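FYI, it's all coordinate maths here, none of it is from the lab. All values reported here derive from a predicted model rather than from experimental measurement. All Cβ positions, even for glycine, are placed from backbone atoms using ideal geometry, and neighbour counts span all protein chains on display.
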Amino acid sequence: MDHQDMNIEFVSPPPPESVEELTKKFFSFSQSGLPHLPPESDDKVFMVSARSETGELLGGILANCYWNGLEIDTLWVSSNQRSNGLGSQLMYRAEDFGAKNGAVVSFLKTMEAKGFYEKLGYEVYGVLEDRPIGTMLYHMKKRLNEDP
């Protein structure tokens with residue numbers, strides 16, 4: 001099919017059925033090269049959080065364990081709880097869950113907490129400049145198992 005014989009459209013935001021259709025086609029393509037790749041429905045999205053006695057959120061991690069990896073999506077610790085080890089404690093709990101569920105590597109993106117993650121054993125594997133403008137977005141990883 002020639003590019004002139006097709007309709008290219010921009011949709012924002014895309015309807016859920018279009019997202020599902022594209023995702024299924026991409027997964028089918030991925031499976032052609034990796035036939036044992038688990039489907040997205042096997043993803044283990046989870047949260048590790050700390051709350052005060054009154055129920056106030058003091059810190060938390062939103063993460064996903066899939067394809068033998070642990071993706072740390074969001075880590076937040078309240079300003080009055082920083083530097084007391086809460087962030088590390090939350091990370092260790094997330095990494096433990098990931099390892100127990102088949103993850104051999106943990107990965108994340110950060111602008112401001114590169115030093116924190118380095119103390120936990122993470123290393124930079126990529127840097128994206130100007131996202132947002134004037135910043136550096138660090139892509140970091142850590143092996144969760146002994147064997148590379």
TODO: Run through all the Cα pairs of region 3-143 and give the fraction in each 10 Å bin from 0, expressed as whole percent.
DONE: 10, 29, 32, 21, 6, 1, 0
TODO: Measure out, as a whole number of angstrom, how far apart the alpha-carbon centroids of region 87-146 and region 1-56 sit.
DONE: 22 Å
Open item on the list: Can you classify region 1-70 as rounded, prolate or oblate using the Cα gyration tensor, where a ≥ b ≥ c are the square roots of its eigenvalues, rounded means a/c under 1.5, and otherwise it's prolate if a/b beats b/c and oblate if not?
Closed with: oblate
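What's the tally of Lys pairs in the chain whose alpha-carbon atoms lie under 15 angstrom apart, where the two lysines are 8 or more places apart or on different chains?
So the count of such lysine pairs works out to 7.
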Task: Tail beyond 15 Å, pair distance distribution of region 10-49 (Cα, percent) - done: 56 percent
- [ ] Can you tell me which of 127-135, 58-66 comes out highest on packing, and rank the rest after it, using the mean Cβ neighbours within 10 Å?
- [x] 58-66, 127-135
Task: Relative packing of peptides 68-80, 5-17, 36-48, 93-105 - highest average C-beta neighbours within 10 Å first - done: 93-105, 68-80, 36-48, 5-17
Open item on the list: Rounded, prolate or oblate for region 76-148? Axes are the square roots of the Cα gyration tensor eigenvalues, ordered a ≥ b ≥ c, and the cut-off for rounded is a/c under 1.5.
Closed with: oblate
- [ ] Please determine, in degrees from 0 to 90 and to the nearest 10, the orientation of helix 16-33 with respect to the longest principal axis defined by the Cα atoms of the chain, where the helix direction is its Cα long axis.
- [x] 90 degrees
